[in-house]
Amino acid sequence: MKQEIGVIKVKLAIITGASKGLGASIAKRMITEGTGIISVSRTENPELAKLAAENQVFFAQYFCNLSSPDELESAFSELTALLQEKQPETLYVFNNAGVIDPIGTAGNLDHAALIQNAHVNLIAPIMISNILMREVSSEMTIVNITSGAAERPIQGWSAYCSTKAGINMFTETAALELQTAGSSHKVIAFSPGVMDTAMQGTIRSSAKEAFHDLEKFQAYKEKGMLRDTETVANALVDLLLQKEIESGKVYYVNDLI
C-alpha cells in the first residue's frame, strides 16, 4: 500500500526506516534540498508528507516490514515500477532501518529476535541493493548505515556487531564489483556514532548481565553526550551533496563534524 502527493523532481531518495530517528532527519533535510522522498517503513510520519507538500517535492510512502523478504520483494516491485515511470536523474538510497535486539550473550540469544536482526540489518539492505542495481539505470548512490560496532566486539551485541560487520563487507565488495563492471553507481557505508534515538532507549533498558557496558550508555544520556539526529543527518547529506565520495569507503560522522 502506498500514498503519493506532490510533483516529481529530478532527484529522489529512498529511505528505509524514514518515519523516525535518523531516517526522518535525513528525509527532512533531503526535502529542503528539493529531493523527492520514497519512504519505506512500518509506520507513517505525517510530518514528512506535510513538509514535502510545502516544498513542492514528491513524496511516496511504502509500508513494509523489512524482516519479511516477501513483503520487501512486493514493496520493491511496486517501487521499481514507480522509478521506471518517473525516471529520476539521480537516486539516493539510504539503507537506514536497523534493530539492536537481541541484546544478550551467545548461548542466551532469542532465535526469533536473532533472525529478525539478520533480516533487517543485513539481508534487507543486500536485497534492496540487489534489486535496485538490477532495475535502475539512473545515477545511484547507496548509503548503508553501519556502526562502530561493526569493527569491535561489544559484549552482549554479538548479533548487532556481526550484521553491521557484514554490511561493511557487502559495501566494499559491491563497490569493487560496480567498479569492475564500469558502473556509475556508488555504494558507501556511514557510521553515525551514538545518537539520541529509540534504539539508545532500548540499549539503556537492557539487563546488566546481558550488556556489560550498560552504565556507560546510560551515562551518555545523563551527561548529554548523545548527538541529535539532525546534526548527524546534516553531516551525511553535506557529504553526499558537497563532496566527491569514494565508493566502497566507510565514512565516520566524527570525521565530518
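Data for the structure
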item: Selection count, segment 90-122, where residues are β-branched (Val, Ile, Thr), within 24 Å of Val143 (Cα to Cα) and surrounded by fewer than 19 Cβ atoms within 10 Å (Cβ to Cβ); result: 2
item: Test: residue in segment 46-57 that is within 22 Å of Ala189 (Cβ to Cβ), in contact with a strand residue (DSSP E or B) (Cβ under 7 Å, 6 or more places away or on another chain) and touching a residue at least 40 places away in the same chain (Cβ under 8 Å); result: no
item: Scope segment 97-117; condition farther than 22 Å from Thr43 by Cβ and not in a loop (DSSP other than H, G, I, E, B); matching residues; result: Gly104, His111, Leu114
item: Qualifying residue in segment 188-198 (condition: modelled with pLDDT of 70 or more, more than 16 Å from the chain's Cα centre (by Cα) and open to solvent by 20 Å² or more (accessible area, probe 1.4 Å)); result: no
item: Positions within segment 52-81 being hydrophobic (A, V, I, L, M, F, W, C) and surrounded by 18 or more Cβ atoms within 10 Å (Cβ to Cβ), in sequence order; result: Ala52, Val57, Phe58, Phe59, Ala60, Cys64, Leu66, Leu72, Ala75, Phe76, Leu79
item: Scope segment 237-256; condition open to solvent by 60 Å² or more (accessible area, probe 1.4 Å) and closer than 17 Å to Leu91 by Cα; matching residues; result: Leu241, Gln242, Lys243, Glu244, Glu246
item: Pair list, Cβ under 7 Å, 6 or more apart: segment 228-252 residue farther than 18 Å from Lys186 by Cβ, other residue among the charged types (D, E, K, R) and part of a helix (DSSP H, G or I); result: Ala233/Arg29; Asn234/Arg29
item: Segment 128-152 - residue that is out of contact with any strand residue (DSSP E or B) (no Cβ under 7 Å at 6 or more places or on another chain) and more than 16 Å from Leu82 (Cα to Cα) and, of those, least open to solvent (accessible area, probe 1.4 Å); result: Ala150
item: Checking Thr16 against (1) of a type in the set (S, T, N, Q); (2) open to solvent by less than 60 Å² (accessible area, probe 1.4 Å); (3) farther than 20 Å from Leu236 by Cα; (4) within 16 Å of the chain's Cα centre (by Cα), the condition it does not meet; result: (3)
item: Matching residues in segment 168-182 - criterion: being touching a residue at least 40 places away in the same chain (Cβ under 8 Å) and open to solvent by less than 70 Å² (accessible area, probe 1.4 Å); result: Asn168, Phe170, Thr171, Ala174, Ala175, Leu178
item: Qualifying residues in segment 33-89 (those that are hydroxyl-bearing (Ser, Thr, Tyr) and in a helix (DSSP H, G or I)) - the one nearest to Ile14 (Cα to Cα); result: Thr80
item: Close pairs (8 angstrom Cβ cut-off, 6 or more residues apart or separate chains): closer than 16 Å to Glu54 by Cβ and touching a residue at least 40 places away in the same chain (Cβ under 8 Å) in segment 11-40, in a loop (DSSP other than H, G, I, E, B) and open to solvent by less than 30 Å² (accessible area, probe 1.4 Å) anywhere; result: Ala24/Ala18; Ala24/Asn45; Thr35/Val57; Gly36/Val57; Gly36/Phe58; Gly36/Pro88
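The values are calculated or read from the model by the stated rules, or taken from the named source; none is laboratory data. Because the structure is predicted, anything quoted here is derived from the model rather than measured. Ideal geometry is used to build each Cβ from the backbone, glycine not excepted, and the neighbour counts take in all protein chains shown. For accessibility, only protein heavy atoms count, side chains too; no ligands or nucleic acids. Shrake-Rupley method; radii C 1.70, N 1.55, O 1.52, S 1.80 Å.
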